[in-house]
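Undergrad: Please see the structure below; I have some questions.
FYI, it's all coordinate maths here, none of it is from the lab. Note that this is a predicted model, so its numbers are computed, not measured. Methodologically, a virtual Cβ is constructed for each residue, glycine included, from the backbone with ideal geometry; neighbour enumeration extends over all protein chains shown.
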Amino acid sequence: MKEPLRAFLRGHFGAVNEHAPYADELLREFLGLGPLHAFIPTALGGQYQGAASCLEVVEETSYWSVPLGLTLGIAGSLFLRPLVRFAAPAVRDAVVGDFLSGPALGGIMVTEPTGGTDIFSLHTAYTDDGARLRLRGTKCWAGLTGRAEHWLVAARLARGDQLTKRLNLVYVPLAAPGVRVETVFDALGLRPIPYGQTRYEDVEVPRSHLVAVPGQTGLRVIYETLFRTRLGMPAIAAGLCRRLVDEATQRVGNRSSFGTLLADYDQVRCRLEELRAKAEINRRLWRFACLWMDRHEDVATDYALVNAAKVVSSETMQTAADAALQLFASAGYRASHLVGRAYVDARPFLIFEGSNDVLDENTFQAVLGGQGRFDRAAVTAQLARYGLAFPDQVPAVAMAALDGPEAGRQRQQVQLGRLVSWLLVLALLQHDEVADPDPADPSATDLGVRLACRRLAELAAALPYLS
Ligand SMILES: Cc1cc2nc3c(=O)[nH]c(=O)nc-3n(C[C@H](O)[C@H](O)[C@H](O)COP(=O)(O)OP(=O)(O)OC[C@H]3O[C@@H](n4cnc5c(N)ncnc54)[C@H](O)[C@@H]3O)c2cc1C
């Protein structure tokens, strides 16, 4: 990461108790340093050199500020990457030019007031007369609502009054006539990122604004986009967890209770070890995801890997923030404290980019669908797909759960899907071909293994009580 960017972030977000929502000028100044150029190919004037070149910037930014890291995720992964890859060259070049010449932002709108999980029942529609598209509908909860100038809007093709099943992304500038931000939400966290409801009232754009690949369904483009973004989520989690490790270590090394340094209490050390384990798990996840993304043009069917990255990163982010708050206690329970903010800001990561409950079931179904059964052999086959071996040291209770009878109900399938995600993490920690330990914390891998085993044991032990 470029030093001016790091110096800027350190200067503005270095103090643990100065994390009040930042102003728009700060965001503009930050964007002016070019962090989004990492998402634009060199051939188009950017600095993209593989997935790691983007996620390194996201990880480092998230270390200092989760909302800023997420802003890069939204504008870079959810908007720029699909635009660069799938949009018509004339549209792509004009928009990319805007990002290269100034502090531009983009985002994606899928969710609607009637629901975000069921992508097949979206109501936003467009008609296509061969030259122009006409768009109608209402979207909500898109990150950077009203703030980003450029949007990818998910909509279904309408023929007459009939909505077809054909779903596509349409590029729509915020300034297009007929686009209106109706409401700005009082979002609980991620405060500097605006969320709200946007209405599209007969918005006309040229047909070239369809962000699609000839011969491929639009759904494939949407999945490609969402799946790659999910694979990048561990970079945000790794940045946050690394910061929590640093700040919590410093705090407990300087504070005493009952005449004993907090850092000398075993329970406090246990929490610190868990934080370090979570930082390492997420670091390994995003690095592995980068290799995978660079080697595979299409990740739209890699359910188990993608879901593990998303589910484990969001879960560990939230539990890490919770543990850090316990260590900081009252000092951290403030809206402008890094830890208080992390506690609130981490929660929606379990909701957006696919609700974790749904993704967990989805993982179960991916294992079941791949082999026609759910058992240890089927899980082994799923892991092998990603070049990973079935891990060692799996707790006996988790091994028994894999071959057990408890998979009849959705709640059990969700639990087993989550168990598969943690098995994948354990496999990654033990068998990852790029298993270079974090030089700053070489024992973190062992801590990660222990945490993954504990999580597997917890998930498996709960199964019989989920009937
Ligand atoms: C902070 C934040 C940022 C967001 N950013 C964006 C964005 O940039 N762009 C965008 O388009 N959207 C965004 N969203 C919306 C987000 O993607 C949706 O909230 C999410 O997809 C869930 O949709 P929903 O809220 O309508 O919940 P619903 O679809 O109503 O689902 C609610 C819950 O019901 C349960 N559920 C639903 N279906 C099933 C099922 N099949 N099986 C089991 N349980 C089920 C799950 O527990 C789920 O969490 C954001 C949301 C938040 C909170």
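Undergrad: Between rounded, prolate and oblate, where does region 96-191 land on the alpha carbon gyration tensor, with a ≥ b ≥ c its root eigenvalues, rounded for a/c under 1.5, else prolate if a/b exceeds b/c?
TA: Oblate, since a/c reaches 1.5 and b/c is not below a/b.
Undergrad: For A142, what residues show an amide H to amide H distance below 5 Å, using hydrogens built from the backbone and excluding near sequence neighbours?
TA: HN-HN under 5 Å from A142: G196.
Undergrad: Nothing charged except the Cβ atoms of Lys and Arg (+1) and of Asp and Glu (-1): what's the magnitude of the dipole of region 102-217 about its Cα centre? Round to the nearest 20 debye.
TA: For region 102-217, the charge dipole is close to 160 debye.
Undergrad: Taking 8 Å as the Cα distance limit and 6 or more residues as the minimum spacing, I'd like the relative contact order of region 219-466 as a percentage.
TA: Relative contact order of region 219-466: 23 percent.
Undergrad: Another question, if that's okay. Taking trypsin sites (Lys or Arg not before Pro) that fall in a DSSP loop and have at most 15 other Cβ atoms within 10 Å as cut points, what is the longest piece of the chain between them?
TA: Within the chain, the longest run free of exposed trypsin sites (Lys or Arg not before Pro) spans 3-254.
Undergrad: Can you give me the relative contact order of region 209-366 as a percent, contacts being Cα pairs under 8 Å and 6 or more apart?
TA: The value is 29 percent.
Undergrad: Okay, next question. Are there chymotrypsin sites (Phe, Trp or Tyr not before Pro) in region 175-214 that DSSP puts in a loop and that have at most 13 other Cβ atoms within 10 Å, and which ones?
TA: F185
Undergrad: Would you mind calculating the gained length between L188 and A329 on full extension (0.36 nm times residue separation, minus the Cα-Cα distance), in nm to one decimal?
TA: Roughly 48.7 nm would be gained on extension.
Undergrad: Continuing with this model, one more query. What value, in deg cm²/dmol to 500, does the helix sum -39500 (n - 2.57) over DSSP H runs of n ≥ 4 give at 222 nm once divided by the residues of the chain?
TA: Result for the chain, helices only: -16500 deg cm²/dmol.
Undergrad: I need the GluC sites (Glu not before Pro) found in region 149-240, filtered to DSSP loop residues with at most 16 other beta carbons within 10 Å of theirs.
TA: Counting only loop positions with at most 16 other Cβ atoms within 10 Å, none of the GluC sites (Glu not before Pro) in region 149-240 qualifies.
Undergrad: Then there's this: Mean separation of Cα pairs under 8 Å and 6+ residues apart, divided by the residue count of region 20-65: what relative contact order is that in percent?
TA: So the answer I get is 22 percent.
Undergrad: Here's a follow-up. Under 5 Å between amide H atoms, partner at least 5 residues away or on a different chain: which partners does V181 have, H built in plane at 1.01 Å?
TA: For V181, whose amide H was placed from the backbone, the distant partners under 5 Å are R199.
Undergrad: Then there is this: By counting other Cβ atoms within 10 Å of each Cβ, how are C270, C453 ranked from fewest to most?
TA: C270, C453
Undergrad: Count neighbours as other Cβ atoms within 10 Å of each site's Cβ, and list the GluC sites (Glu not before Pro) in region 275-380 that are DSSP loop with at most 11 such neighbours.
TA: E297
Undergrad: Is the chain best put as rounded, prolate or oblate by its Cα gyration tensor, with a ≥ b ≥ c the root eigenvalues, rounded for a/c under 1.5, and otherwise prolate when a/b is larger than b/c, oblate when not?
TA: oblate
Undergrad: Spelling out what I want: for every residue of region 448-462, take phi, set θ = phi - 60°, compute 6.51 cos²θ - 1.76 cosθ + 1.60 (Karplus), and round to whole Hz; glycine and proline get x.
TA: x, 4, 5, 5, 4, 5, 5, 5, 4, 5, 4, 4, 5, 5, 7
Undergrad: Still on this structure: Once amide H atoms are built 1.01 Å from N in the peptide plane, which residues 5 or more positions from E149, or in another chain, come under 5 Å H to H?
TA: Amide H neighbours of E149: L105.
Undergrad: Quick check: from the Cα gyration tensor, does region 164-322 come out rounded (a/c under 1.5), prolate or oblate?
TA: It is oblate, given that a/c is not under 1.5 and a/b is not larger than b/c.
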